[in-house]
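Data block below; observations after.
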């Protein structure tokens, strides 16, 4: 077995894969651009030869929403904020915390120096509260960013007949 030849062959194949991947991405970008410009959601490319198959390209769009906990804290009532934001506390120095807790009369500000807090928005809770009317569009205004992710899927077309 010539391992050096395998290394060179593997590298050459990887370069071809990267090249094909770049060409594929360019074609998909052109299809997306056409679909967007012409308000097309799907299209069938009929078979051109006897051995060819019909292909269907479908556009899908997904919205990715990122909420900003600090903005939600400013806009929402404390009770609702606590329902939609999950706080996670991490102890950074357990031996120091134990030593401090052994002392009497612990100052809460001293205690907080050993803890870090992470806030994560519960998107399901926001959806539930929005649907129930407990929060509205004005409550959420400026508290999130939304990004539309478009994709094209190409697969064999399934004939109805």
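The values are calculated or read from the model by the stated rules, or taken from the named source; none is laboratory data. All figures in this text were calculated on a predicted structure; none of them were measured in a lab. Heads up, the Cβs are rebuilt from the backbone with ideal geometry, glycines too, and the neighbour counts pull from every protein chain shown.
Computed quantities for the displayed model
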read-out	value
Filtered residue count, the stretch 35-63, keeping only those that are assigned to a helix (DSSP H, G or I) and either more than 19 Å from residue 148 (Cα to Cα) or over 25 Å from the mean Cα position of the chain (by Cα) (or both)	1
Selection count, the stretch 43-53, where residues are over 13 Å from residue 158 (Cα atoms) and at pLDDT 95 or above	0
Of all residues making up the stretch 14-44, the number that are in contact with a strand residue (DSSP E or B) (Cβ under 8 Å, 6 or more places away or on another chain) and free of Cβ contacts under 8 Å to residues at least 60 places away in the same chain	4
Some residue of the stretch 52-75 being in contact (Cβ under 8 Å) with a residue 60 or more places away in the chain, in contact with a helix residue (DSSP H, G or I) (Cβ under 7 Å, 6 or more places away or on another chain) and more than 30 Å from residue 29 (Cα to Cα)	yes
Helices (runs of 4 or more DSSP H) contained in the stretch 80-146 and holding at least 3 residues over 25 Å from residue 61 (Cβ atoms) and without any contact (Cβ under 8 Å) to a residue 12 or more places away in the chain	94-102, 108-112
